[in-house]
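Worksheet: one structure, shown below.
The values are calculated or read from the model by the stated rules, or taken from the named source; none is laboratory data. Fair warning: this is a prediction, and the values are worked out from it, not measured in the lab. We place every Cβ from the backbone using ideal geometry, glycine too, and count neighbours over all the protein chains shown.
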Amino acid sequence: MQGDGSRHGGRRAAPGRKARRQVGALAGASGRGGAGALSERPPSEPAGSRRSLRRRGRARLWSTRAPAIAVAVAVAIASTTACRAARAGEAIAAGRNVSANVSATVSATVSATVSATVSATRPELDARLEPAPPLALRGCSAITLAKGTTRCLLAAARPLRLWIPGEDPPRSLTLFVDGRPLGQVAIERDPEGAWFELEPPAATGNLRLEDERGRSWSVALVELSADYRALRKQAIDAARRGDMDTARDRLARGSAGLSHEEAVLARCVAGQIAYTAGELDAVLEAPARVAAASDDTLTPLSCLADLHIQAAFVSLDQRPDFAAVERHLEAVRALPPLAIDARVSVRYLQGLLEHRLGRVDESLVEFEAAATLAMRAGAQKSHAAARVMQAVALARLGRFTEAEALAAEVEAHLEPGEGADPLALKIRANAAWIALLRGERGATPAQRAALLARLEAVVAGFEALEDHAGAERARLNLALAQLQGEQLDAGAATLAAIDRQALDPHYLVWVELAAAELAVARRRFAAAEARLTRAERYAALTDDREHEWRLAVTRAALERARARPEAALRAHARAAEVADALALAIPGEAGRSDFVTSHAHADAERVALLVDAGREREAFCVAAASRARHLRALWSRLRPALPKKERARYRELLARHRAHRQQVDARMDQAWALSDAELAALEGELRAGRDQARGWIAEATGLLEARAPAWSCEAVLPQAGEPREGTLVMLAGEDQRPWLLLAFDGGDGPSQAIARAASADEALADTLARLAPELGALERLRLIPTGALVNVDIQRALLERLGPRAPSLRYSLGLGRPPERRAAPGDAAVSTSAEDLAAVIAGAEDLAAVAEEVRATTARLRALGWRVEDSWSPASERQPALLHYAGHGRYAREQGGWRSALELPGYGRLEAADIVANGRAPALVVLAACSAGRADPQAIDGGMNLAAAFLLAGAELVIAPTRDVDDRATLALSRALYGQARLDATSLTEALDAAQREELAHPELPRAPATSATSWRAWTP
């Protein structure tokens, strides 16, 4: 909505409640702050980043001791709009350094879940005190546990980073050094824990921290001997020169004169230099050797953790054994978690493992959390490494806009002189890989040229560092980019130059796929077959189903090129089956829609093959399925009832979520009286609680999706009989020219008519003209738009072409006709609506027309014999037959639209994810709120929005605008919707049709989009 009279903006705060509204806007948890409370990302976060939604939630790290990062594969859009809501500005966050003070300085903020053992220094209090949270450290040269005492070994005095995690960390800390109090440690506190930085006056001494409840934490600072420091330096220098015999000899001889503790650490140095020398057997054996040298009196924690992490990386990258990777990571997790860097490494490497196994959404969570904690720990290189892998995971999920923005952010923070730095090169290599994946969807000549130049520089950089494996991986990417740009000769030469011995099966799959595609382009089909067969063998070793999908698509291209359409169609069917399984493994809000979008070009190719073969009905079904198939598990009218155990867990999760909302509301009611410091603390608590509550909703939704039913084209095809109906699917073809596939009642069954347009807008009218006879004979038309076509104004084109003969139009998600009965998500009983009950909700206090709209709608419904209530909850077992909501709406493009929300009195902020998870909705829904039906043209299914959420929750019809709408114009349209004598899905749709026809019949009276009835749509499943 526009200007002062728009349903776009927050409601005015009540007198004396300014503080309360500020907290709501920051926390985004209670919904009491009007539309402003819907701004959920801090301004310093990148648009659409999952990290921005959990930046005070879980946190994990990556250690700079972990070797290289892995280059990965393949998209969503990030932007936020709030509307009848406020728009939030967005910027890019940079890592921050924390300053140190002479005695103790605080830094950081909150974080995550790393735990640590604590040495209790006041045992007489243990009986009456709750256990102290653990303590974790960063900055020690090594950390050991000796006879129950945490020991931080240092080469010299240096600042230490400490973290006390937990939901209730200390409010204040007093520092003691060798029993002498040095004063209070300033800390920043939050439900997730507290970070602070200490700068001890010397490298030796006993540190003790005591909080206001008498809980205490102790660390012994121990200075490493000069002999150990000299021995370590000599061994490492020799190893760097390639003189491993000298390095090992010095370690063996020098260890005899060291203490037991330092002698064990010297064994760790031996394991580390073994990796430098490429002695992989020694690397894999090192953890066991060091563990054997330990005893009950000494555990070299950081040393053991580093060796296990090093071995895990070798098992992941150089000696692929994923079970071994898990064993090494579990071994680190089993150690007392005193070392922050070790926790970082575990999460980062877990992300690499999930990524390599094709569980990309899970890898995204690991990388995202690793980056967050690394930033708080001041580990800048770790932060950069995790962030760029986060970008790679986003790209593999199809969320290219977010991925490119994140990669650009990381690259922008590289120092100019870091071109030869290994990490900087890997960051640039991964950024180029993301651009390469994006290029599969099209790129300009300038973009392709820039990508080639970047990859050539990366190859040269790795060669300069004598990183052979890195150079060969970058060379593979260069070959792929050359083939993508149709530089066949250059691509062939680059492929031939690759040293395959430097690549593991994960990369060799890509080598063979590229070679197969090159052979197809040159019509050397026997060679293509051989390379494809070899790619299949490598893929069998990787356990990555994404490879399986790419193999099927490449197989389809080969069969199509050699004029074997049936074989090509079988390969495409296999690709669709794999893509469907991969998509359903990704939670909706984690980017399922974007993943499906990134794989949709295969469906377009399949449609073209089917049309060429004269199989129009199958083409229609494939086109419809490309939009709807992955939504079926979310549709409450289709899925079966939950089994007893899952049903109990589902109800528990929703109950927790409701209780959380009530607690938040209670806290917000008192926010007006809080000081600035108390407001800041409350903001942090609400943010952390919001993330936990969203986790409950996500788990509840996952339970509902566990038994996904099959998608049925029969439910989409029109049925014979009266009234005459048709279904039109609009799908962008492989050449981006749209297909229009019409199925209509042909008497004996559905008939098909197919046409193509040159572009979505310019030639649509001409295309519809070819289908005019069939369309003009229909009374109702269901439209299933996809991707770039979701926002095409088909209504205007129909009316201009057919005039009064144009059929009544409904938009569809592509799920089709719902079953007559549907199971409620919480039990096996059938959930029904109260047939004569309506809920009319005022969702804004700052819009004059809302109050008038609610009064007029209520009066009209009562005149028609309806019972009307002024409240509604998505959790109610018995839903009203009609919901009319008038107020503010917010479309949130991040996370695929799942955070789109409206303000619900008595409930708070109601997000699309909440609606879907509850699985209950009125049969008829009118959402008179900004952008409640807005679609994302970059997603194959238009992404999630409030209208789609209500349909998935069980609504039969949702009427909602696709853009910001004017307050007074919305009031007028609402009156028109309820002007007929009867009230059902048909009458509401016809009333909207009539308003749109009336407007279009008077082109001499143009309307702005915010006041136009054509900005509204009637949606069905």
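General remarks:
- Screening LEU924, LEU988 for residues that are surrounded by fewer than 24 Cβ atoms within 10 Å (Cβ to Cβ) and under 19 Å from LEU799 (Cα atoms) leaves exactly one candidate, LEU988.
- Among the residues listed as ALA324, ALA331, ALA286, ALA282, the single one being crowded, with 24+ Cβ neighbours inside 10 Å, of a type in the set (A, V, I, L, M, F, W, C), modelled with pLDDT of 90 or more and assigned to a helix (DSSP H, G or I): ALA286
- So LEU778, is it among the aliphatic types (A, V, I, L, M) and assigned to a loop (DSSP other than H, G, I, E, B): yes
Residues checked against (1) at pLDDT 80 or above; (2) in contact with a Leu (Cβ under 9 Å, 6 or more places away or on another chain); (3) buried (at least 18 other Cβ atoms within 10 Å of the Cβ); (4) not acidic (Asp, Glu):
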residue: LYS644; (1), (2), (3), (4): no, no, no, yes
residue: TYR650; (1), (2), (3), (4): no, yes, yes, yes
residue: GLU683; (1), (2), (3), (4): no, yes, yes, no
residue: LEU704; (1), (2), (3), (4): no, yes, yes, yes
residue: ARG707; (1), (2), (3), (4): no, yes, no, yes
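- Residues being in contact with a helix residue (DSSP H, G or I) (Cβ under 6 Å, 6 or more places away or on another chain) and within 30 Å of ASP168 (Cβ to Cβ) - total across segment 213-265: 1
- Contact annotation: residue pairs with Cβ atoms under 7 Å, 6 or more positions apart or on different chains, pairing a residue in segment 356-376 that is assigned to a helix (DSSP H, G or I) with a partner that is modelled with pLDDT of 85 or more and among the acidic types (Asp, Glu), are GLU362/GLU354; SER363/GLU354; GLU366/GLU354.
- Any hit, segment 819-837, residues being in contact with a Lys or Arg (Cβ under 9 Å, 6 or more places away or on another chain), of a type outside the set (Asp, Glu) and at pLDDT 80 or above: yes
- In summary, GLN234 fulfils each of the numbered conditions (1) more than 30 Å from LEU135 (Cβ to Cβ); (2) in contact with a Gly (Cβ under 9 Å, 6 or more places away or on another chain); (3) buried (at least 17 other Cβ atoms within 10 Å of the Cβ) with the single exception of condition (3).
- Positions within segment 789-818 being assigned to a helix (DSSP H, G or I), under 24 Å from HIS601 (Cβ atoms) and either touching a Cys at 6+ places or on another chain (Cβ under 9 Å) or modelled with pLDDT under 85 (or both), in sequence order: ILE794
- Test result for VAL664, touching a Ser or Thr at 6+ places or on another chain (Cβ under 9 Å), in a helix (DSSP H, G or I) and modelled with pLDDT under 75: yes
- Among all residues of segment 947-958, there is none that is charged (D, E, K, R) and crowded, with 24+ Cβ neighbours inside 10 Å.
- A Cβ distance below 8 Å, combined with a sequence gap of six or more or placement on separate chains, defines the contacts here; from segment 473-501, residues that are over 16 Å from PHE462 (Cα atoms) reach no residue that is in a loop (DSSP other than H, G, I, E, B) and among the hydroxyl-bearing types (Ser, Thr, Tyr).
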